[in-house]
Amino acid sequence: MRQTQNERLTRTDPGTPMGDLFRRYWLPALTLAELPDADPVRVPLLGEKLIAIRDSSGRAAILQEACPHRQASLYFGLCDDGGIRCPYHGWKFDTDGNCLDIPGEPDGSTFHEQIRITAYPTVQRGGVIWVYMGPPDQQPEPPAFEWATLPVENLFVTRRIQDCNYLQTMEGGLDSSHLSWLHGGTILTDTVLGIGGSGTDSRVLDIIATDRKPVYETLNTAGGLLLGARRNADETNYYWRITQFIAPCFNIIAPTGDLTLNAQAWVPLDDQRCWSWAVNYYVDKPLSAAERDAMRKGGGLHVEFVPGTHQGVANHDNDYLLDRPAQRRGESFTGIPSFTMQDAAVQESQGVIADRTLEQLVSSDNGIIVTRMLLQQAIEDNRSGKPIPGIDPKSQRPRAGSIIAPEQSLESLDKSVLEPLSD
Ligand code: FES
Ligand SMILES: [Fe+2]
């Protein structure tokens, strides 16, 4: 890849081509649990410093963090009746961004009427507060991912800061070929995500253990891509694991056996960091207390957090709790205990923004290559006013799945298992 292409795909500040593309979609900003009351929460996104608050009616608002008076942070301000007051000189703003009061101005002054701060629209769905940061006249329908329409009892949702660019983080999620290497060992024992879970059928375990050279196929969809990894199930059947990629940054991973479905999203915080979202969910039943507990402790796609932060207990400052003796004993391929931090370790090790001019891509990188092409095309289509994938709510609904079926291509496969149950 040329450096100019790498720059184009990885930079998302205001005014950049990829930043403009991201701003066409509803993006997850923070979990509902993080905003129980009016107290401000920082939610930096796409290179913009933002805060989330609730007004007195309980409506969530996402506002620019810097006070327009002299740029002090409104994060330190106090929410009171109908808005937030800056801690420095008391200017007050409502949740639509209007300035209501400038206490230091002479009585009768109307100067506050000329002052506004940025306020972005929000919606609450699937245990998440979503934000739309794009042109008001292009605001899409609310997010319709299947998980975003479920009761919160069916979901476990977290966001974590990863200290590298969103694109290489997302590429890790689309790269099925690393599963039996990077996650070797852990995939056998993780009870939330892996084949160590109680609901896993032993045939699948045998297939994954026997065929370690899966073949990858991709197909374009209305929302983005189907990424299919197929293994030989027996002499006449394939075992397919099919991941959905929905533009610009959403992923749905096939469940293993009867375990939860898994969704991910990678939203740039700035060009050097991203929010890595993880969702485990059942479509038709609540998660059990034991499953929630396992996720809170870092099971599945989640991590155990340093309390009060979005940083994992295992992180780059402690080599992700790498255990060399465990690695040598073969307990896991990396010796890093958590599934997600195994990903974080290799992704952050690629550099803050991976230098894709140095890559040597091979056939198993096909999913990543096709995703890059799709994003580059979406950037161009957005700039020329053409339709872009993943905006239409219908295109966000399909799910991921695994299928055992007679040998055939991904295209000709009966994919009814990917249809959402509730449609
Ligand atoms: S900097 Fe906010 S009121 Fe002065
Ligand atoms: Fe991974």
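A short reminder: the numbers here are calculations on the coordinates, not readings from a lab. This is a predicted model, so every value here is computed, not measured. Note that we place each Cβ from the backbone using ideal geometry, even for glycine, and neighbour counts take in every protein chain shown.
The distance between label points at residue 386 and residue 309 comes to 4.5 nm (points 7 Å beyond Cα on the Cα→Cβ vector).
Which value in Å does the Kirkwood hydrodynamic radius of region 23-138 take, with 1/r averaged over all unlike C-alpha pairs and then inverted? Let's see the in-between values first.
On the way: mean 1/r = 0.0693 Å⁻¹.
The answer is 14.4 Å.
Were the residues from residue 234 through residue 123 laid out at 0.36 nm apart, the gain over their Cα-Cα distance would be 35.3 nm. Each Lys and Arg Cβ is given +1 and each Asp and Glu Cβ -1; about its Cα centre, region 318-415 then shows a dipole of about 240 debye.
Between residue 355 and residue 411, full extension at 0.36 nm per residue minus the direct alpha carbon distance yields a gain of 16.8 nm.
What full-extension length gain, to one decimal in nm, is calculated for residue 73 and residue 105 as 0.36 nm per residue of separation minus the Cα-Cα distance?
Details: separation 32, 0.36 × 32 = 11.52 nm, distance 2.06 nm.
Gain on stretching residue 73 to residue 105: 9.5 nm.
Taking the average, over residues, of other Cβ atoms within 10 Å as the packing measure, peptides 84-97, 155-168, 218-231 rank 155-168, 218-231, 84-97 from highest down.
Each Lys and Arg contributes +1 and each Asp and Glu -1, all at the Cβ; summed about the Cα centre of region 225-320, the dipole is approximately 180 debye. May I ask you to list the residues of region 275-301 whose amide nitrogen lies under 11 Å from a point 7 Å from Cα along the Cα→beta-carbon direction of residue 34? What the label zone holds, given the 11 Å backbone N cut-off, is 275-278.
So what's the chain giving for Rg/Rh, alpha carbon basis, Kirkwood Rh from the mean inverse pair distance? Don't jump to the answer; show the numbers that get you there.
Values: Rg = 22.5 Å, Rh = 22.7 Å.
Computed over Cα atoms, the ratio is 0.99.
Residue exposure proxy: 75, 281, ordered by other Cβ atoms within 10 angstrom of their Cβ from fewest to most, comes out as 75, 281.
Filter the DSSP H helices in the chain by two things, a Kyte-Doolittle mean of at least -1.0 and an axial alpha-carbon span of 15 angstrom or more, and list the hits by number.
On the way: long enough: 339-349 (16 Å, -0.27); 366-383 (26 Å, -0.12).
Once both thresholds are applied, what remains is 339-349, 366-383.
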